[in-house]
């Protein structure tokens, strides 16, 4: 097992493009965020970045270090020389491809049971009830799915509002679910400019609400999801599904995704699938 290292004794393994651009502009210096000292989240040139040592946490804002680390002091310095940043890829799905993708998602129902304890809103994918307090939001999740099935941005907005900031953890389950649902919806090719504007406006309105109701870190990561710039495993999953890759490829991405946070990965997986399919459960039947 790697030893714990100070930031100054560590080296960057891989870095997301937002973290790279911010650190380069700041000469490599980052500061702790007021109210979030002793966390891996830092502030650089108006951007939030964070530190990790697990490649599954790769994200546009992530700095993945070679070794587990400790943070000392308010100011950290990073050497970004000779590093090529990671950029997420973005796929587009046409309406013709959607039935095949929904079928591929349904085929994940049984394999997901083998991934260990399901957490957060991920339970609903497997036709299970999420634990308290998330089970209080079941009707909201069903209404959000209904809005996606109807292709109704306003329906989704009204159903999603009560979930902003709902749940525990650094990124509440509601924020992770909503952001990932809009991430999934963004994969679908828009029919016309009015459709694009309507869904973009819903994203902007929900992000604004998150900045009021949640905290700065969760609101920022939710905004990244809405803009389809998020964790590498989520992007790999979307690539696997959109391009019809093997189920093994999709499951490999899901394993990494659900390892993120306590339930964040499961919440994002659930939201992503609801946003694409408009279905709450992956059981092979009509959605609730």
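Structure above, values below:
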read-out	value
All positions within the range 229-252 that are within 26 Å of residue 41 (Cα to Cα) and in a helix (DSSP H, G or I)	232, 233, 234, 235, 236, 237
Subset of the range 1-40 (residues that are modelled with pLDDT under 95 and part of a strand (DSSP E or B))	5, 6, 12, 13, 29, 30, 31, 32
Failed criterion for residue 261 (all others in (1) touching a helix residue (DSSP H, G or I) at 6+ places or on another chain (Cβ under 7 Å); (2) part of a loop (DSSP other than H, G, I, E, B) hold)	(1)
Subset tally (residues that are closer than 15 Å to residue 59 by Cα and under 21 Å from the mean Cα position of the chain (by Cα)) for the range 82-109	6
Elements of type helices (runs of 4 or more DSSP H) in the range 117-228, at least 1 residues being closer than 30 Å to residue 39 by Cα and outside the structural domain of residue 44 (by TED's automatic domain parsing)	122-125, 153-160, 173-186, 193-213, 216-226
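The values are calculated or read from the model by the stated rules, or taken from the named source; none is laboratory data. All of these numbers come straight from a predicted model, not from anything done at the bench. FYI the Cβ positions are ideal-geometry reconstructions off the backbone, even for glycines, and counts take in every protein chain you see.
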